[in-house]
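Everything below concerns the one structure shown next.
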Amino acid sequence: SEETSIRAGRRLPDGFIIGTGTSAHQIEGAWNVDGKGESIWDRIVHDRPEKVADGTNADVACDSYHFYKQDVKIIKELGFDFYRFSISWSRVLPTGEAHIVNDLGVEYYNNLIDELLENNIQPMVTMYHWDLPQRLQDLGGWLNPMMADYFRDYARLLFDLFGKRVKWWNTINEPAMVAVGYGNASMAPCINLFGYGEYLAAHHLLIAHAKAYRVYDQEFRATQQGRVTIALDTMYHFPKTDSKEDLEAAERAMQFQLGWFADPIYGSHGDYPPAMREYIDRASKKEGRVKSVLPTFTPEEVKLIKGSCDFFGFQHYTSCQVSDDPEGNFQPWYTHKYMNISYSDCKSGKRSHIAWLNVVPEGFRNSLKWIKDRYGNPEVIVTECGYGDWKEYDGLEDDDRIHYYQTYLEEMMKAIVEDGCQIRGFAAWSLLDNYEWFEGLRSTFGIVHVDYSSPERKRTPKKSAKFFQSLIARRTL
Ligand code: GBH
């Protein structure tokens, strides 16, 4: 009965919204069609195909630029409340600057948004999911403090064009991953300034986000009444042993990974996390630097950034184990030179062939609890969470993916019911088997299979899509 399900923590709270997500570069294709400008991801996979696991590029991808109506039809059939997609900055503004608008690009997003609303699906729009216009990269990209103003102007244009119809906004997707593109070079634009480039880029990303948020506050909120956030991700870091050093290392890793962006926004002290301040400042000094490589905020910037989110957009996939190690700087997604931690896999039961993807449902609950405890129990929407594997191990009968979602969602329910976290929504990553960055098409995360041998990129819902269809219909796990 309904009451038993609520008590057992299997019934989703009233008003809880369930969605699914994609991003522009990963699905749209049409990379140079109808006036779209080049992005840094277009550039890097064309120039350096050897960096992509299978040498593929995203020139066509799922061709959602032409087949978006099919995407919407499937989202509708499955019953999702919202669709999180991203806008390609260089499709709307080919050079990145706000004075040259590509009308055909705008029309594409107008059509997509209208199609969603006609089908009763709320759009949640990410403004920037890693695909910086190449022209802005030529100006230095996120190392250039001016980028914050370019981003603010782009954001203003999007609010203006789409804000009457779009009520959910994510400014930047996983800014840490953007920043490491200037650090250990594992992401576009692959600039290797390890140990300082990422901190400078991150600093400008935070300011850019906050400027966009304040534009909404000052110019649009009163009339548009939407909600704006930034999408931040972390693994959960378990201590490898119970030693005091490893316990501290695990906490330090959370601060370095999630706190890097979350502390300045959601914290009360108006700075990067204390562990980053301590470790990075000390190491900088030891290296004889005049200044710490971790920048400082001016009082105006503190004011700008602090509180610049209407809810916590959180993304989570996996967990790991960490131990204290003065020589260690290893992380699977990105390394922090000064974190003094070494990494190891979590011993999870069944696991994916994707090296970083340990299936550790309790790490999801722990992460949500960590956010609650550190940031005063903010409202959270899980903007991404999902399971992928190499495509030969994935397929229409994707029981491993169902197992992942079932167990992760159960842990999320414990976070809500037992820990009192205010979690308001969840978006499955991803709607489609799409272009997985430097993994190319080798790894698939979709709840919908995409046939890359068919010109129309035939979409076929997997078993996990039906899992969501029934979850959404019954609102019960
Ligand atoms: C998400 O990030 C992204 O937002 C999404 O676009 C992507 O499709 C999804 O992950 C699945 O990967 O080769 O060891 O350096 C989650 C964090 C960051 C995880 C990049 C994978 C590369 C792993 N991701 N990382 S590694």
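Nothing in this text is a laboratory measurement; each read-out follows from the coordinates by a stated rule. None of the values given here were measured: they were computed from a predicted structure. For neighbour counting, all protein chains shown are included, and Cβ atoms are generated from backbone atoms with ideal geometry for every residue, glycine included.
General observations
- Take the Cα of His99, step 7 Å toward its Cβ, do the same at Lys466, and the gap between the two points is 5.7 nm.
- Sparse packing (at most 14 other Cβ atoms within 10 Å of the Cβ) combined with a DSSP loop state is found for the following trypsin sites (Lys or Arg not before Pro) in the range 263-344: Arg289, Lys291.
- The residue among Val417, Gln26, Met254 whose Cα reaches farthest toward the positive pole of the charge dipole of the chain, with charges on the beta-carbon of Lys, Arg, Asp and Glu, is Val417.
- Extension reserve of the Leu396-Ala222 stretch, reckoned as 0.36 nm per residue once the Cα distance is removed: 58.1 nm
- Three-way shape label, the range 277-328, alpha-carbon gyration tensor, a/c 1.5: oblate
- Summing Cβ point charges (Lys, Arg +1; Asp, Glu -1) relative to the Cα centre of the chain gives a dipole of roughly 740 debye.
- Qualifying trypsin sites (Lys or Arg not before Pro) in the range 15-92, DSSP loop, other Cβ atoms within 10 Å at most 13: none
- Distance cut-off 25 Å, percentage of C-alpha pairs in the range 217-340 lying past it: 34
- Rounded to the nearest 500, the 222 nm mean residue ellipticity of the chain from helices alone is -11500 deg cm²/dmol, with -39,500 (n - 2.57) taken per DSSP H run of at least 4 residues.
- Extension gain, Ala355-Asp114: 0.36 nm per intervening residue step, less the Cα-Cα distance, totals 82.9 nm.
- Taking 0.36 nm per residue of separation and subtracting the Cα-Cα distance, full extension of the segment from Glu379 to Lys69 would add 108.4 nm.
- The antiparallel fraction among DSSP beta bridges confined to the range 304-416 stands at about 50%.
- Cα pair distances of the chain binned at 10 Å [whole percent]: 4, 21, 33, 29, 12, 2, 0
- Alpha carbon centroid spacing (whole Å) that separates the range 270-342 from the range 207-231: 25
- Shape category assigned to the range 294-371 from the gyration tensor of Cα positions, a/c cut at 1.5: oblate
- Cα convex hull volume per residue for the range 135-275 (Å³): 127
- Packing order of peptides 314-320, 221-227, highest average first: 314-320, 221-227 (average count of other Cβ atoms within 10 Å over each peptide's residues).
- Debye intensity ratio in log₁₀ form over the Cα atoms of the range 315-430, taken at each q of 0.14, 0.17, 0.22, 0.23 Å⁻¹: -0.66, -0.93, -1.24, -1.27
- Projected-area mean, the range 258-306, by convex hull of Cα positions, square nanometres: 3.3
- If you look at the Cα atoms of the range 54-169, you get an Rg and a Dmax of 15.1, 44 Å.
- Whole-angstrom gap from the range 395-434 to the range 36-106, using each part's C-alpha centre: 25
- Net charge of neighbours whose Cβ lies under 13 Å from the Cβ of Arg289, counting Lys and Arg as +1 and Asp and Glu as -1: +3
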